[in-house]
1. Straight-line reach from Lys89: which lysines have Cα under 20 Å away, leaving out those fewer than 8 places along the same chain?
2. Hey, got the dipole for the stretch 38-173? About the Cα centre, +1 on K and R Cβ, -1 on D and E Cβ, debye to the nearest 20?
3. Once neighbouring chains are kept in place and the probe is 1.4 Å, which whole percent of the accessible area of the stretch 242-319 is contributed by carbon and sulfur?
4. Determine the dipole magnitude for the stretch 128-219: charges of +1 sit on the beta-carbon of Lys and Arg, -1 on that of Asp and Glu, nothing else is charged, the reference point is the Cα centre, and the result goes in debye to the nearest 20.
5. Leaving out ligands, DNA and RNA, what percent of the accessible area of the stretch 15-124 is carbon and sulfur, probe 1.4 Å?
6. Could you give the dipole magnitude of the stretch 243-376 about its Cα centre, charging the beta-carbon of Lys and Arg +1 and that of Asp and Glu -1, in debye to the nearest 20?
7. Between Lys40 and Glu360, 0.36 nm times their residue separation minus their Cα-Cα distance comes to what?
8. Between Thr32 and Glu126, what length in nm is gained on full extension when 0.36 nm per residue of separation is reduced by their alpha carbon distance?
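The values are calculated or read from the model by the stated rules, or taken from the named source; none is laboratory data. None of these values were measured; they are calculated from a predicted model. Reconstructed Cβ throughout: ideal geometry from the backbone, glycine too, with neighbour counts over all protein chains shown. In case anyone asks, the SASA skips ligands and DNA or RNA and just uses the protein heavy atoms, side chains included. Shrake-Rupley method; radii C 1.70, N 1.55, O 1.52, S 1.80 Å.
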Amino acid sequence: MSTHPTPPPECPAHAAGAGNGLYRLHGPEAQTDPLGLYEKLRAEYGPVAPVLVNGDLPAWLVLGHRENLEVARTPSRFARDPRGWRDMKEGRVPPDTPLGPMVTWVPVCNFTDGTAHERLRGAVVESLNRFDKRGIRRYVTRFANQLVDQFAGDGYADLVTSFSDQLPMLVMTQLVGAPDEHGPMLVNAARDMLQGTATALQSDRYVTATLEHLVAQRKILPARDLASWLLEHPAELSDTEVLMHLRVVLIAAYETTANLIANSLRTVLTDPRFRASLSGGHMTLPDALEQVLWDDPPINTIIGRWATGDTLLGDQQVKAGDMLLLGLAAGNVDPQIRPDRAVSVHGNRSHLAFSSGPHECPGQDIGRAIADTGIEVLLDRLPDLELAVDVSELQWRGTLMSRHLLSLPVGFAPRPVQEAPPGPEEAAAQPVHPPRHALIPPQPTRAPAVSARRRGVSWWRRLFGRGRA
């Protein structure tokens, strides 16, 4: 527990009766053992707890499953628009806060409510729904096999850097409409952005330049991809709105799906009962993913919601303008709905991994398709995968919102890779694009090499290009 001065009267912590100190969600304990911290908070405060976020700003962390649903499903009481945040309006939020992209309003569907939200989200959802799910799985199969080919003959691989961090972006670049040759470069740039390295701003500019050029070209040469469908949607999104939603879909889908794949593979490799159920046919791969979404969701916490008026939530007095954080991972292990976490939840999709309500993740089915198809290809190609290090040696990079597994070393019997012409499915997976030369983005034309990590800049700051140089 971190000590903190007694909060001011308007602070959520004061309302909750916390006297001498509060738990920080941006400290070492929250990064190394977030679930342990959530249980401390639950034991002390119940389903809604006062906490501190970056800059020691007060917020409410929603821990209960029912309370999470209540917040997510009632935007009239808990708005998604950050302009109602009292601390921001009263000047207590520094301009260089790492929370910037999460609390600065921009015209995207996840920062709006009401009719504006319906217009923007409707365009995104309806455009995403135009994808043929079988076609998506063919893309995944194609790229997953290509990735496995790169290490199948070695007998050793890091499944994070060589597989889970690569596959989602390779697929998503196809779906948004970027040409094949930009897939690997966007993978490197996105990873660089999310890790907050010294070259993250350059990577951010590369992603932005690529998408800006893509939008400009799709206005001239439409294709069967997300960029084109957003541009032609009856909601008449502006070029800026199209660009920003492509960024949100590309980066958010990348981070969550990469985490889901890594978390699922880690569970398969470290939990003998889980692996036995999967290999023995007692549990399908989609069922296995749902279990992981319960136990180890790709996003721990979502910032944020803002109370539109004084209200009662989980026996806590929430004041108008207070910030609330959706505790997805904490809600998934709420003892009120899971008194025994060892009991399987096969077939139960009432987890909070994709949130709920009007802002529930619109691309969750695409994420599931990428994860389960990619894992299926990997396990089919290399069924003898074994963890190459002790479980205790696995490490994570923790942020306010998620934990990202840094490495998952595995060993297996080397297998020769034989070149073969693409079959009908692989050929069908080839994207339908205008000539590639028309889509080469302006400078920078190459994503920077990943360099040493720079501390203190979150991946959400990269999302809208507001990182500090």
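1. Filter leaves Lys319.
2. Values: 18 positive and 17 negative charges, 132 e Å.
For the stretch 38-173, the charge dipole is close to 640 debye.
3. Values: 1290 of 2410 Å².
With neighbouring chains kept in place, the figure for the stretch 242-319 is 53 percent.
4. Values: 10 positive and 10 negative charges, 125 e Å.
With only Lys, Arg, Asp and Glu charged at Cβ, the dipole is about 600 debye.
5. Details: 2320 of 4240 Å².
Here it works out to 55 percent.
6. Working: 10 positive and 15 negative charges, 30 e Å.
About 140 debye.
7. Numbers: separation 320, 0.36 × 320 = 115.20 nm, distance 2.75 nm.
Full extension of this stretch gives 112.5 nm more.
8. Working: separation 94, 0.36 × 94 = 33.84 nm, distance 3.87 nm.
Here the answer is 30.0 nm.
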